[in-house]
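What follows is a single structure, written as structure tokens, with notes after it.
The values are calculated or read from the model by the stated rules, or taken from the named source; none is laboratory data. Values in this document were obtained by computation on a predicted structure and should not be read as measured data. Using ideal geometry, Cβ is built from the backbone for each residue, glycine included, and neighbour counts are taken over all protein chains shown. In case anyone asks, the SASA skips ligands and DNA or RNA and just uses the protein heavy atoms, side chains included. Shrake-Rupley method; radii C 1.70, N 1.55, O 1.52, S 1.80 Å.
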Amino acid sequence: MTAQSNDRPAQPRPEPILRVSGLNVDFYVEGEWFPAAIDVGYEVHAGEVVAIVGESGSGKTQSAMALVGLLPPNARVSGSVKLDGRELVGMRASELQTIRGAQVAMVFQEPMTALNPVYTIGFQIVETIRAHSRMASKRARARALELLRLVDMPDPATRIDYYPHQLSGGQRQRAMIAQALVLDPKLLIADEPTTALDVTVQAEILGLMRDLRRRIDSGIILITHDMGVVADMADRICVMKDGRIVEAGASRQIFYQPRHPYTKLLLAAVPKLDLEPADAAPRLPSPPADAARPASAAIRQPPAPPPAPAEPGLGAGGAASGKGLSAEAGEPVMASEGLTLEYPRRGRTGAFRAVEDFDLRIGPGEVVGLVGESGSGKSTVGRAVVGLLPVHAGSLKVAGYQLNGIRPADLRRAREGVSIVFQDPGSSLNPRLPIGQSVGEPLALHRLARGKELDARVAELLEQVRLPASLRNRYPHELSGGQRQRVGIARALALKPKLLIADEPTSALDVSVQATVLELFSELQQEHHFACLFISHDLAVVELLASRIAVMSKGRLVETGTAAEILRHPREAYTRELIAAVPVPDPDLQARRRLAFERRARP
Amino acid sequence: MLAPVFSFIARRVAVGSVVLLGATFIVFMMVAWAVDPLADLRTSNVPNKQFLIEQRTEALDLDMAPVLRYFKWLGNVVAYLWGQGTFGVAVTNGQPVADQLAVAVPTTLKLVSASVVLAILLGVTVGIVTALRQYSSFDYLTTFFTFLFYSLPAFWVAVLLKQFGAIRFNDFLADPRVPIWAVALVALAVGGLAAMVAAGRPRGRLIIGLVAFAGAAAVMGYISASNFLLEPGLGIVGVTLTGAGAAVALAALTAGLSNRRALWASLSTVAVGAALYFPLQYAFVHASWPVLLGLWATSAVVGVAAGLAWGGDDRFVSARTAALTGLVMSVFVFADRLMKAWPSYVGHPRVNGRPIGTLGAVTPELGGTFWLSATDVLTHLVLPTTALVLISFASYTRYTRASMLEVMNADYIRTARAKGLGERTVVVRHAFRNALIPLATVIPIDIALIFGGAIITERIFSWRGMGTMFIEALRQGEIYSVMGYFLVTAALAISANIVADLIYAGLDPRIRVNA
Amino acid sequence: MSQNQVPAPDAAPAPDAVPAPDAAPEPVAGGLANLTGLLPQGDLAAGAGENAIELKATEGLSQGQIVRRRFWRHRGAIVAMVFLAGIIVLVTTSIGWGPIPGWWKHNYSSTYPIVNPGGAPTLVVSLTEGVHIGEHPFGQDTVGHDMFAMTMRGAQQSLTVMVLIGLLATVIGVLVGATAGFFRGKADTLLMRFTDMMIAIPVMVIGLVLGHWVNGASALTLGLALAFVQWMAMSRLVRAEFLSLREREFVDAARVAGASSTRIIVKHILPNAVGVIIVNATLLMSVAILLETALSYLGFGIHFPDISLGNLISEYQSAFAQRPWLFWWPGFFIITIALSVNFIGDGLRDAFDPRQRRIPSKRKMARAARKAAAR
């Protein structure tokens, strides 16, 4: 259990690089000051990773941006931030400028927008060097190249002259990290550095950061919402909520003995991959919440419905009748054979084949998880199943209708049996319609209800998703993300579909919100017995709900199997890699997994 | 790399030609239907009226259906492009349309080019400043004035300019003493603006405002007292001082004052200019436009050389800054020489003490030296250029402002700050370079529009350019002249769109033209 | 640990809890906020957007109400509205318009004996003498026409043309743009090429054709005709808006729910494009009034004896030195109308598209801080 603490100094050095105390950040909005961070205090030592964890609105980013004066003009900062004993709060702008980039560097969340699109990455790195030193441009370029090598940029001598858009997401983030490290900063602030990346790329970037941290001896502030990332990286953790640090401590202490209820909640809300180490036998159901493990995932044990939605081995989605592997129990609600999907050519851009030769069957009441990284074509499949994208070749039968070459009138009828919940709750509801109308629209359009009856049905649907019926006259912008997603689910259930497509329904939500939405979802599934194609990039989320899992990559189906098979005995290398890349919110377990992952990556 | 560009251009030209064909057809039909080329003959009482009517009918193929006439015209155009014939002849004066265009196009070019450059420079600068000082009093003030300029009818402005810019100003030149209240007013305005634009704490801004106030008052006082308006001139001292000022400003803007080499390079360019001041006066005796353009280009080369000579790691930055300084410096030298010609111009019998022209592009039968006629061209350009700048400057300001505001919120601006770059680098290198992308694509289209649309300005100031040609042709029912005008302006508009796309692709590495 | 004790930031009622009878949107947790939009970047990926502060400000309002509220905060637009309303009232009631009776004693076509020397205005505004309107407040021309009545008539005509162009061109532009943007493909290409073609056609030609057709344009015919060559900018903008809106997930959702294309356009996309349409209709009007006056000035619009603000200026520009009032008043009305419309357009743009958020002044921020401290 002490294996992973070896990269951390046994005794924190007496003088920290950074000492933050009593830091307050306020924002001026419409004549009032609103606090974004209150009395924040922590220390960062050299070679140490301090993670600041919190959900949206917790003030974690703002408090970090405040350290070096990167807040917008309507912000005000008070308190003390001492970098090597120098006070940064209230420092003159010109002086602060010499510290930024040279002593305190930053890595941002979205490298595509954080790098200037019109300059090459080499130019941008050289510019950083030359803003702070009189280094000759040749030498600066050599230094930039050296850094790109350090961050394992493939073919750095060529890539140095690439524009950001010519690089992949992971490469961009590597360039961003190279730029940040080029002047050997004392402190590196990484703001959600891997949130925009796929898990496998995330694993690589995290590996890189761990590796660098050993070599450069900077202090690192890691801002993230992802407990898995924290477990992988952090030495110490500050948990933030509503602008305050509610709990701080060493990583293992936070994970294994959380004291504050919010920390407990946060840990509990994270869906956790249920993997037994390497080659254990199929797990026993109901994992005991032993002391050495993080406060166990509460979502596994919702109080009301006894059959736990995510009983490993059985699958969450099993309806009472067709539980588990009952795909053959009845006529499948969705069956595809050799399905090929293309985005038609538009103008001069040729057609793009997004999905090829895709075979999948979903039985009535069965929940199938469709997992893949971005660009794998998983959402395209979902869109095709609801008829939003024409079938290019092959067969796709949904709710008894062959969608290949279907006539509009039949498509309309087919759609009575299938519906979809979208990823972005902000975009999936018409901002100009009160949500009652959005929910009732399918009913009204299919002439299933009108007038009073429609009102009653809408109220019923809203109550089903645990929203008060009175919300029906509200507009989407008045609702929180979680509430909007509930509305989306209510709308999808309006026609009592046989098949529901859930396209990353929770990936835009905070973990705690995600937990409640997922729980609601699984309850509804058990109540209404609809079959479901649950699309997600997050294996842990899929595992909670699905009895079978299909893995996609680059437009093709990699493998399918029961959740237990896929997670514990994956047949394909890609699946194994995917599973290995997911960081689990448990420092000890994650350390073991990381070792295994690295061993596999570098034999 | 080149092939896609060519295929892109070829494709766009093909599509553009189709659009052009369609548009010319529509316009031809409309004009053919609306005008009656025989109107003047029908009402006349000449004895051979019938013969004349037949003759003209014959000449214009009026007995043919308009559709056929269109295709005949089209054939003529193709033949003309092939090098044969002319596409139509004006009936009333027998002038070939091609010849009319040969006169009108250069006139309009002369009229609009200066105003386009000025409007872009002014508009973009003011736009950037308002964006950086968003919701400051300067921003509100510019917003009001840009809206006011938007709302000004061109003809109204032009008439006012004629009255106050020419007639009253010429009256004033008879005894050019600036009253003290006017000095105070102008100085107050300058000082106020400077204080508004300046950043920082109120104290600093107050000081800047006071300095600007005093400076403006001194300049105005000097102008009034020294009879500058009648006997202007900078002299070698004035040229050197203004040049040095420009050098410092340009270095601060394009390279940052911390880049000493760029500053020294620009200043040495100014020194070279000053050293060449007297030799140049002799060279100016035999000046002509090509010679001057050559000298102008040479000054940029001198700047580049100075920049490279100062060497250093950023020698290309220094060279760029110094080249710009060279260009500006030579403009000062040129202006100084023009000023020396001013008294003889004002005293010229054909000018007769009223130098600001309101009619036409030049004073007819002026004669005299190159410098006299150059002054004449410029005095005739002053008013129409002002009118055009006033009208188009507003939209550039708004556009730049919006574009800059959008960019200043981008993530990479935060990254640039996080890297510890100075505010100048953040704004110029990171923000403006990106804000330029949408801006640069409007500019060609705007130029095409102003080229065909300076109709009112041309008419009021009696320039015989494209607009005048068009209006008169419309009035007289000269269908071929109308079509000639339309062909040129529409082709220009279509090419402007293609150019805009190419610029876009050139400025934004994300865009590839073959996509 | 059970789920329903969880004080989740998403304050949706916990599964087992009884939903409150009227759950307010989102209790603003301790006045805290993720100030998405005001901050360079929201906190969490994909912008979960629990922007409590924004919610606080706009609780219980429909989009339309929010827009109206923002509009009312735009001082320039409000002043402009007052000005424009004043002008419209003055113009319609003074010399009468159609069924509306006029209160002004003169009309625009008769000549009257010259009152002041040279026909100078009788309007006097001074501190010592007070305000006198007199017989001919805006003066008279050489023949004795009453300039006030003529200006009113001209403004009537110009306003008519402006509104006609604004409305009709908007309708055409929206139809073309919506069709092109929604159906894409061949229809889009065809319509956009047609739009390119129409953009190329000079407006003067329209004036000429119209003059030939109806033997001199009236405000009505001129407005109608110009609308047919002024819709192109609108159609391009609407097309762009439709192209982006049709990719939004709520449109997909409506389609899956069984909505027809017509319903999607009318009920889902159009209402969301209304901001762009209204703002540009306003700007279109400000262009329209300048266009009408310019055309009339050049003699391709409204001709004498009928009056528009443009041909008044054209008629009297040579008399500027002797009778400047003949020039100032019509110009003043053109500028005031166009300026008001521009400011209203700016206010509407701010209201519909608040992306360019206000950065408060230092002074205001300090005041709020003092207030907070006092509390």
Checklist entry - Has region A:474-483 got any residue that is more than 7 Å from chain C (Cβ to nearest Cβ), part of a helix (DSSP H, G or I), more than 19 Å from C:H268 (Cα to Cα) and not acidic (D, E)? => result no
Checklist entry - In region A:437-472, what residues are under 20 Å from C:R248 (Cβ atoms) and either open to solvent by 40 Å² or more (accessible area, probe 1.4 Å) or under 32 Å from the mean Cα position of the chain (by Cα) (or both)? => result A:Q437, A:S438, A:V439, A:G440, A:E441, A:P442
Checklist entry - So B:V124 clears everything in (1) facing another protein chain (nearest Cβ under 10 Å); (2) open to solvent by less than 30 Å² (accessible area, probe 1.4 Å); (3) of a type in the set (V, I, T) except one condition, right? Which one? => result (1)
Next on the checklist: Would you confirm whether or not region C:150-167 contains a residue that is farther than 18 Å from C:G331 by Cα and out of contact with any Gly (no Cβ under 8 Å at 6 or more places or on another chain)?
Outcome noted: yes
Checklist entry - Which of the following residues is within 30 Å of A:L448 (Cα to Cα), within 14 Å of chain A (Cβ to nearest Cβ), in contact (Cβ under 8 Å) with a residue 24 or more places away in the chain and touching a Leu at 6+ places or on another chain (Cβ under 7 Å): C:I269, C:I278? => result C:I269
Checklist entry - Going through region B:461-479 one residue at a time, which ones are surrounded by fewer than 23 Cβ atoms within 10 Å (Cβ to Cβ) and touching a residue at least 12 places away in the same chain (Cβ under 8 Å)? => result B:S462, B:R464, B:T468, B:I471, B:Q476, B:G477
Checklist outcome for this item: If we ask which residues in region B:17-35 are within 8 Å of chain C (Cβ to nearest Cβ) and in contact (Cβ under 8 Å) with a residue 24 or more places away in the chain, their number turns out to be 7
Checklist entry - Taking the condition in contact with a His (Cβ under 9 Å, 6 or more places away or on another chain) and in contact (Cβ under 8 Å) with a residue 40 or more places away in the chain, does B:A361 pass? => result yes
Checklist entry - Taking the condition open to solvent by less than 10 Å² (accessible area, probe 1.4 Å), part of a helix (DSSP H, G or I), small (G, A, S) and more than 13 Å from every other protein chain (Cβ to nearest Cβ), does A:A203 pass? => result no
Checklist entry - Within region A:490-504, how many residues are surrounded by fewer than 24 Cβ atoms within 10 Å (Cβ to Cβ) and assigned to a helix (DSSP H, G or I)? => result 1
Checklist outcome for this item: For region A:562-588 the number of residues that are open to solvent by 10 Å² or more (accessible area, probe 1.4 Å) and free of Cβ contacts under 8 Å to residues at least 60 places away in the same chain is 8
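A quick yes/no check of all residues on (1) at the interface with chain B (Cβ under 9 Å from one of its Cβ atoms); (2) in a helix (DSSP H, G or I); (3) closer than 18 Å to C:V229 by Cβ:
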{"position": "C:L290", "(1), (2), (3)": "yes, yes, yes"}
{"position": "C:L295", "(1), (2), (3)": "no, yes, yes"}
{"position": "C:G310", "(1), (2), (3)": "yes, yes, yes"}
{"position": "C:A338", "(1), (2), (3)": "yes, yes, no"}
{"position": "C:I344", "(1), (2), (3)": "no, yes, no"}
Checklist entry - (1) in a strand (DSSP E or B); (2) within 11 Å of another protein chain (Cβ to nearest Cβ): which one isn't true of A:L70, the others all being true? => result (1)
Item to check | Test: residue in region B:56-65 that is within 37 Å of the chain's Cα centre (by Cα) and under 17 Å from B:E478 (Cα atoms) | outcome: no
Checklist entry - For region A:214-231, what are the residues that are open to solvent by less than 10 Å² (accessible area, probe 1.4 Å) and in a helix (DSSP H, G or I)? => result A:M227, A:G228, A:V229, A:V230, A:A231
Next on the checklist: Looking at region C:132-187 only, could you name the residues that are among the aromatic types (F, W, Y) and in contact with a Phe, Trp or Tyr (Cβ under 8 Å, 6 or more places away or on another chain)?
Outcome noted: C:F138, C:F148, C:F182
Checklist entry - If you go through region A:368-386 one residue at a time, do you hit one that is under 25 Å from C:L270 (Cα atoms) and either without any contact (Cβ under 8 Å) to a residue 60 or more places away in the chain or open to solvent by 10 Å² or more (accessible area, probe 1.4 Å) (or both)? => result yes
Checklist entry - Within the set of pairs 6+ apart or on separate chains, which have a first residue in region A:425-447 that is facing chain C (nearest Cβ under 9 Å), a second that is open to solvent by 20 Å² or more (accessible area, probe 1.4 Å) and aromatic (F, W, Y), and C-beta atoms under 8 Å apart? => result A:P431/A:Y475; A:R432/A:Y475; A:L433/A:Y475; A:P434/A:Y475
Checklist entry - What is the residue count in region A:379-424 for residues that are assigned to a helix (DSSP H, G or I) and more than 8 Å from chain C (Cβ to nearest Cβ)? => result 13
Checklist entry - (1) over 27 Å from A:Y163 (Cα atoms); (2) within 32 Å of the chain's Cα centre (by Cα): which one isn't true of A:F123, the others all being true? => result (1)
Checklist entry - Out of all the residues in region A:95-118, which are open to solvent by 30 Å² or more (accessible area, probe 1.4 Å) and facing chain B (nearest Cβ under 8 Å)? => result A:Q97, A:T98, A:E110, A:T113
Checklist entry - Among the numbered criteria (1) under 30 Å from A:L389 (Cβ atoms); (2) open to solvent by 10 Å² or more (accessible area, probe 1.4 Å); (3) under 16 Å from the mean Cα position of the chain (by Cα), which single criterion is violated by C:T282? => result (1)
Checklist entry - Is region B:438-455 home to any residue that is closer than 26 Å to C:S318 by Cβ, open to solvent by less than 20 Å² (accessible area, probe 1.4 Å) and either in contact with a strand residue (DSSP E or B) (Cβ under 8 Å, 6 or more places away or on another chain) or in a helix (DSSP H, G or I) (or both)? => result yes
Item to check | Condition check for A:A248: open to solvent by 40 Å² or more (accessible area, probe 1.4 Å), assigned to a strand (DSSP E or B) and of a type outside the set (F, W, Y) | outcome: yes
Next on the checklist: Checking C:V205 against (1) open to solvent by less than 40 Å² (accessible area, probe 1.4 Å); (2) modelled with pLDDT of 85 or more; (3) closer than 27 Å to B:V442 by Cβ: exactly one of these is not met. Which one?
Outcome noted: (2)
Checklist entry - B:H430 is checked against (1) away from every other protein chain (no Cβ under 13 Å); (2) open to solvent by less than 10 Å² (accessible area, probe 1.4 Å) and fails just one. What number does that condition carry? => result (1)
Item to check | Considering residues of region C:251-264 that are open to solvent by 30 Å² or more (accessible area, probe 1.4 Å) and part of a helix (DSSP H, G or I) only, the residue farthest from the other protein chains (Cβ to nearest Cβ) | outcome: C:T262
Next on the checklist: For region B:133-178, give me each residue that is assigned to a loop (DSSP other than H, G, I, E, B) and either modelled with pLDDT of 85 or more or among the charged types (D, E, K, R) (or both).
Outcome noted: B:R133, B:S151, B:L152, B:P153, B:D175, B:R177
